[in-house]
1. Using the structure shown, list the pairs from Lys29/Lys102; Lys23/Lys145; Lys29/Lys143; Lys91/Lys143 with a Cα-Cα distance above 22 Å, or answer none.
2. Ignoring any ligand, DNA or RNA, what whole percent of the accessible area of the chain comes from carbon and sulfur when the probe is 1.4 angstrom?
3. Where in region 94-142 are there trypsin sites (Lys or Arg not before Pro) that are in a DSSP coil and have at most 16 other Cβ atoms within 10 angstrom of their Cβ?
4. Beta carbons within 10 angstrom, averaged per residue: use that to sort the peptides 50-62, 69-81, 20-32, highest first.
5. Tell me the per residue accessible area of the chain using a 1.4 Å probe; a whole number in Å² is fine.
6. Relative contact order (percent) for region 50-151, with alpha-carbon contacts under 8 angstrom and 6 or more residues of separation?
7. Which angle from 0 to 90°, rounded to the nearest 10, does the C-alpha axis of helix 25-36 make with the longest principal axis of the chain?
8. Among Leu55, Asn24, Ser75, pick out the residue whose Cα is farthest towards the positive end of the charge dipole of the chain, where Lys and Arg carry +1 and Asp and Glu carry -1 on C-beta, about the Cα centre.
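The values are calculated or read from the model by the stated rules, or taken from the named source; none is laboratory data. These figures come from a predicted structure and were not determined experimentally. Every residue, glycine as well, gets a Cβ built from its backbone with ideal geometry; the counts of neighbours run over all protein chains shown. Quick note on the areas: whole protein, heavy atoms, side chains included, nothing else; ligands and nucleic acids left out. Shrake-Rupley method; radii C 1.70, N 1.55, O 1.52, S 1.80 Å.
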Amino acid sequence: MLLKLIQNRHIEKTKVTVEYKEKNEQVNKLIEFVEHLDEIENNFIGSSEGKLYNLGINDILYIESVDRKTFGYTSDNVYELGCKLYEIEEKYNVLDYIRISKSCIVNINRIHSLKPDFGGKILATMDNNEKLYISRQYAPVLKEKLGLGGKR
């Protein structure tokens, strides 16, 4: 893939042109990403100990729903987020957030290693050495996202 960047101080809004020989999965993903870019916020607002924090999308290792509350986990803290798990999944699936179980979404950029486990599950070790299980129902989605040959 060839990338050409042109700065033009005379335009009001950034313009993206995708030129391709044939439309394939890589081109489709690029188009989907660009189309949804304006909808994606690049941060989460989380609360911890009565204070609000601005959390970058890459600061979050994973997001979990517990007792109808949603929590974002960073390397060193846990924050309550003011949105539902399905809202995060819909909004950030264009990026690298994917569901790994009924109650958890993971930032695949923060996975340190993966290990196959019993019953088709996968054990993910995060950047902070925390371990999460990817259920066998969601393992093919992860494999597909990582380009490991899994299919939905």
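1. Where the Cα-Cα span goes over 22 Å, the pairs concerned are Lys29/Lys102.
2. 48
3. Values: sites: Arg99, Lys102, Arg110, Lys121, Lys131, Arg136; in loops: Lys102, Lys121, Arg136.
In loop regions of region 94-142 (DSSP not H, G, I, E or B), the sparsely surrounded trypsin sites (Lys or Arg not before Pro) are Lys102, Arg136.
4. My ranking of the peptides, most packed first, is 69-81, 50-62, 20-32.
5. On the way: 11230 Å² over 152 residues.
Heavy-atom accessible area per residue stands at 74 Å².
6. Dividing the mean separation by the residue count of region 50-151 yields 18 percent.
7. So the helix axis and the longest Cα principal axis differ by about 90 degrees.
8. Sorting the options by dipole projection puts first Asn24.
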